[in-house]
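Report on the structure given below.
Values in this text are rule-based calculations from the coordinates and carry no lab data. This one's a predicted model, so the numbers in the text were calculated from it and none came from an experiment. Neighbour counts run over all protein chains shown; Cβ positions are idealised from the backbone, glycine included.
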Amino acid sequence: MNRSQWAFRLTILITIALVMGAIWLILRKLGMPVSLAPAALSEWLNDQACSDHCC
């Protein structure tokens, strides 16, 4: 592989890492739990549903 192919691949890798980091930050701002275990997500979703309907 030549140098431009490595630069392109590195650019794609960095872009993907930045997008994933931004998504993680947005989810944290929304109060998403750190643990993505099914039980934790279920509890978080139930809390979100309750907070929307229990004004």
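In the chain, the alpha-carbon atoms span a convex hull of 89 Å³ per residue.
Extending 7 Å from Cα along the Cβ direction at PHE8 and again at LEU27 yields two label points whose distance is 3.1 nm. When shorter helices are ignored and each DSSP H run of at least 4 residues is given -39500 (n - 2.57), the per-residue value for the chain at 222 nm works out to -27000 deg cm²/dmol.
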